[in-house]
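A.B. asks: My questions all concern the structure below.
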Amino acid sequence: MFRSRPGRRRGTAAVLLAAASLMLTLGGCGVDTVTPQDAREEGGTDDKAGAAARRVDCAKVKCIALTFDAGPGKDTPRLLDILKEKQVPATFFLLGKKHVDRYPKVVARIAAEGHEVANHTWTHQILTDLDEAEVRDELSRTQEAIEKITGRKPTLMRPPQGRTDDMVSDVSRELGLAQILWSITAKDYSTTDSALIRQRVLEQAHGDGIILLHDIYDGTVPAVPSIIDELKRRGFTFVTVPELLAPGEAEPGSVYRPEKD
């Protein structure tokens, strides 16, 4: 079983992410998951608290969530410029060490521009390889670092490689974090070819989908404008993850993953 440690080079991260894709293909994350549709149905009517997150009704509109992992990085400001120009909200699952602590102004900008700020652990450790105290440390350090910058602790997290289990879910519940997986991946850790990244996303796109990209890889940010333009042309509406679930709310400890059409 692979395990990332502080100081590992990006090539190791690529191996870990490749393994994540394989694992999800072979059998999922090993715990029960909730779909966006289920979350909306459980949320009930607009009288529920979760309705506050609703900008569009994803039960009636073909929604898709654009998410970015493992940043912020040097290209994130450029990505934010693109999202602002295209008027597209996104969800950023931020890595703590050498990212949140290195780019605090970018973290603040992500929050200020209306994107959802979420947790992707402190050092990208595989949480199912750790004990309870280590999982708590990986998540809580990032919670605290983000809160110090934005004034708000995240309510969402994405476990590295999508690996989770009952213990990870219990710690996530304790920290007020719902777990968000994905249904569309460009495997952008494996290529710098922006056209290929675009193609992979578009081939998998579906309603209620959650797209996984990384704003730390060279080919990704250049692919984003054409991905957005084409998906808009196909009738998709971009939303944050909380908007995708509204009027339901992401329940701490629960694991959310869309079903493909």
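The values are calculated or read from the model by the stated rules, or taken from the named source; none is laboratory data. It should be emphasised that the depicted structure is a prediction, and the values quoted were computed from it without experimental measurement. Positions of Cβ are generated from backbone atoms using ideal geometry, with glycine treated the same way; all protein chains shown enter the neighbour counts. Heads up: the accessible areas ignore ligands, DNA and RNA and are worked out on the full protein's heavy atoms, side chains in. Shrake-Rupley method; radii C 1.70, N 1.55, O 1.52, S 1.80 Å.
A.B. asks: Calculate, in nm to one decimal, what Q199 and S226 gain on full extension: separation in residues at 0.36 nm each, minus their alpha carbon distance.
C.D. replies: 8.7 nm
A.B. asks: Kindly provide the GluC sites (Glu not before Pro) of region 172-261 that DSSP labels as loop, not H, G, I, E or B, and whose Cβ sees at most 16 other Cβ atoms within 10 Å.
C.D. replies: Listed in order of number, the matching sites are E259.
A.B. asks: Net charge around P104, counting only other residues with Cβ within less than 14 Å of its Cβ (Lys, Arg = +1; Asp, Glu = -1)?
C.D. replies: Residues near P104 contribute +3 overall.
A.B. asks: With an 8 Å Cα cut-off and a minimum separation of 6 or more residues, compute the relative contact order for region 119-261 in percent.
C.D. replies: It comes to 27 percent, rounded to a whole number.
A.B. asks: I would also like to ask the following. So what's the net charge close to P72: Lys and Arg +1, Asp and Glu -1, counting the other residues with Cβ under 12 Å from its Cβ?
C.D. replies: +2
A.B. asks: Give the lysines whose C-alpha is closer than 21 Å to that of K98, dropping any in the same chain fewer than 8 places away, or say none.
C.D. replies: List returned: K74, K148, K153.
A.B. asks: Among the trypsin sites (Lys or Arg not before Pro) within region 69-106, which fall in a DSSP loop and have no more than 14 other Cβ atoms within 10 Å of their own Cβ?
C.D. replies: K74, R102
A.B. asks: Debye calculation, C-alpha points only, no solvent: report log10 I(q)/I(0) for region 159-261 at q = 0.16, 0.17 Å⁻¹, in the same order as the q values.
C.D. replies: At q = 0.16, 0.17 Å⁻¹ the computed log10 ratios are -0.78, -0.86.
A.B. asks: Ignoring everything but the protein chains, give the 1.4 Å probe accessible area of I82 in square angstrom, nearest 10.
C.D. replies: 20 Å²
A.B. asks: Using only the Cα atoms of region 181-235, build the gyration tensor, take square roots of its eigenvalues as a ≥ b ≥ c, and label the shape rounded, prolate or oblate: rounded if a/c is under 1.5, else prolate if a/b is larger than b/c, else oblate.
C.D. replies: Taking the square roots of the gyration eigenvalues as a ≥ b ≥ c, region 181-235 is oblate.
A.B. asks: Then there's this: Of the listed peptides 209-216, 113-120, what is their order by residue-averaged count of other C-beta atoms within 10 Å, with the highest listed first?
C.D. replies: In decreasing order of mean packing, 209-216, 113-120 become 209-216, 113-120.
A.B. asks: Please identify the trypsin sites (Lys or Arg not before Pro) of region 162-261 that satisfy two criteria: DSSP loop assignment and at most 14 other Cβ atoms within 10 Å. Which are they?
C.D. replies: Those satisfying the criteria are R234, K260.
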